[in-house]
Amino acid sequence: MNSCILCPTTGIDTMFQRTKNFLKTTLLGGIIVILPITILIFAFRWLFGVVSNGIKPLTDLVVRIISFLPERYDQLIATLIVITLILGVCFLVGLFIRTRLGQLIYNALESGILAKAPGYKMVKETVNQFFGRKQSPFSSVALVQIFQNETMVTAFVTDRHNNGTVSVFVPTGPNPTSGFIYHLPEKYVHPVDVPVEDAMRSVISCGAGSDMLVKQLPNVTRPTET
């Protein structure tokens, strides 16, 4: 009798816990995506304000020179000048960094100062992602049997070796920059047709959105013991 009475309550508690976990992981995944973008926007606004105040005499002079334009365009012209200057400086700095001397100075500056600045790494990764410069070290996504049983974990293939061993990285959610490296026999590594970016999003969301991975599970069979 007691077990029957507790059954509905247990079911409700389980449903509540699942809903709570889903909301928490989904919200966390959204925050992790939005936060770097927000930091990037605020960083650009700060830079825009600094440059705008620094060259205000120049922008005022240009506006006076082209006074034949309607007054409502004054602010637009000043804004275009600031943006052009920022992009121009970024371009020149990019050219300089492509040189050997520039690379040495940049590496020293980044390791000594920039890397210690709060939010620098996050902003840098966001910029690289926006402009397609983010080079992933992962060649493909796989479901791997690290315990050599039917338990599957999401992993990224990092290397394949001549002796049939496959090196994989198993990230921890919601922070995919940390995880574990495993060197497994190829029979325990099952590649799945899922983009690296989509699999990474499911890791950041602590498993939420893993549908495309899970639906390929029926195609993965447990290796026969030899």
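Among (1) under 18 Å from residue 212 (Cα atoms); (2) in contact (Cβ under 8 Å) with a residue 24 or more places away in the chain, where does residue 182 come up short?
(1)
Would you check which residues across region 162-201 are over 14 Å from residue 140 (Cα atoms) and of a type in the set (A, V, I, L, M, F, W, C) and list them?
180, 181, 184
For region 97-121, what are the residues that are basic (Lys, Arg) and at pLDDT 85 or above?
98, 100 - these are the residues of region 97-121 that are basic (Lys, Arg) and at pLDDT 85 or above.
State all residues of region 61-75 that are free of Cβ contacts under 8 Å to residues at least 12 places away in the same chain and surrounded by 12 or more Cβ atoms within 10 Å (Cβ to Cβ); if no residue qualifies, say none.
Answer for region 61-75, where residues must be free of Cβ contacts under 8 Å to residues at least 12 places away in the same chain and surrounded by 12 or more Cβ atoms within 10 Å (Cβ to Cβ): 73, 74.
Is it the case that region 197-216 has a residue that's out of contact with any Phe, Trp or Tyr (no Cβ under 9 Å at 6 or more places or on another chain), farther than 26 Å from residue 27 by Cβ and surrounded by 13 or more Cβ atoms within 10 Å (Cβ to Cβ)?
So far as region 197-216 goes, yes, one or more of its residues are out of contact with any Phe, Trp or Tyr (no Cβ under 9 Å at 6 or more places or on another chain), farther than 26 Å from residue 27 by Cβ and surrounded by 13 or more Cβ atoms within 10 Å (Cβ to Cβ).
The values are calculated or read from the model by the stated rules, or taken from the named source; none is laboratory data. These figures come from a predicted structure and were not determined experimentally. No Cβ is skipped: glycine too gets one built from the backbone with ideal geometry, and neighbour counts run over all protein chains shown.
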